[in-house]
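Report on the structure given below.
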Amino acid sequence: DVRRWQQTVKRIEERMPAWTQLATLIDYAEGLDVLDEVREQYDAILERRSLLDDPDPVPPLLQKIRSGLRDALTKGTEQVKRAQETVLGKLKDDALWKQLSESQKADRLSRHDLVVQSLPPLKDDEAIIAQIKKTPLASFAQTARLIEGSLPEIRAEAARLLEPKTVTVRLSSGVVVRTEEDLDSYLGDLRVRAMSELEKGNPVVLK
């Protein structure tokens, strides 16, 4: 019995690090496609007390969640990069953008998350966790949407920098136009608001 107990203790000591690491990666995998599957099998090991079974049930789960996290980080980074490149491509040909100084451009790029960065090597679990802490899996889609919608704001900022007195006149959103009279009314209101600023000598940005 003593010999058997000693063997059991040794097996526990050998398997606990991987088991602990699996639990850690699960904690950082919110939003991962394979999370539910891995968590279900993790819970089953707990319930059945099968950690010491042969073959070891933990390595396949670790491999699955590691691969899933790496793939999710890679795809998320590429999604954000595509959004950045789209906006940067439009800014390259923008007349207002071309007039900004390099420091003004750099400030706009930083403020609107347009500095393209490569994903660092995800060589081990520590690197994976560090990257998730920096960019949670659920943040990529939202970041990409914000970047894609940043162009009007960047142009408005450029106009204000180039023309300090520039005033933004907001275009009413969600307006339903059914007739020519509705359209004339909408444009008439916009004209009145824009002319009010122009008469004061203020350049106007329609946004």
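So here's what we get for this one:
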read-out	value
Full-stretch length increase - D71, Y186 - with 0.36 nm per residue and alpha-carbon distance subtracted	36.6 nm
GNM top mover of Y186, Y28, Y42 - the chain, alpha-carbon springs below 10 Å	Y186
Percent accessible area from carbon and sulfur atoms, segment 1-118, protein chains only, probe 1.4 Å	48 percent
Under 18 Å from the Cα of K105 - aspartates and glutamates, other chains or at least 8 residues apart	E85, D93, D94, D113, E148, E153, E157, E163
Around E153: net Lys/Arg minus Asp/Glu count, Cβ-Cβ under 11 Å	+4
Nearest-20 debye value, the chain charge dipole, Cβ charges on Lys, Arg, Asp, Glu	580 debye
Accessible area per residue in Å² at 1.4 Å probe, computed on the chain	66 Å²
Amide H contacts under 5 Å for T168, placed H, 5+ residues apart	V205
Cα-projected label distance for K134 with D94, points at 7 Å along beta-carbon direction, nm	2.6 nm
Theoretical FRET efficiency, 1/(1+(r/R0)^6), r = Cβ-Cβ of Q142 and S110, R0 25 Å, to 0.05	0.85
Folded to 0 to 90 degrees: helix 139-148 orientation relative to the chain principal axis, Cα	20 degrees
In degrees, nearest ten, helix 35-48 long axis to first principal axis of the chain (Cα)	30 degrees
Net +/- balance of residues flanking V177 in space, Cβ distance below 13 Å, scoring K and R +1, D and E -1	-4
Chain lengthening between D33 and L206 when straightened (0.36 nm per residue, less Cα-Cα)	58.1 nm
Gaussian network model of the chain, springs between alpha carbon atoms under 10 Å - residue of E85, E37, E180 with greatest fluctuation	E180
Efficiency of FRET between A194 and T86 - r from beta-carbon atoms, R0 30 angstrom, step 0.05	0.55
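The values are calculated or read from the model by the stated rules, or taken from the named source; none is laboratory data. Just so it is clear, the structure is predicted and the values come from calculations on it, not from any experiment. Methodologically, a virtual Cβ is constructed for each residue, glycine included, from the backbone with ideal geometry; neighbour enumeration extends over all protein chains shown. When the accessible area is computed, the model is the full protein with side chains, heavy atoms only, and any ligands, DNA or RNA have been set aside. Shrake-Rupley method; radii C 1.70, N 1.55, O 1.52, S 1.80 Å.
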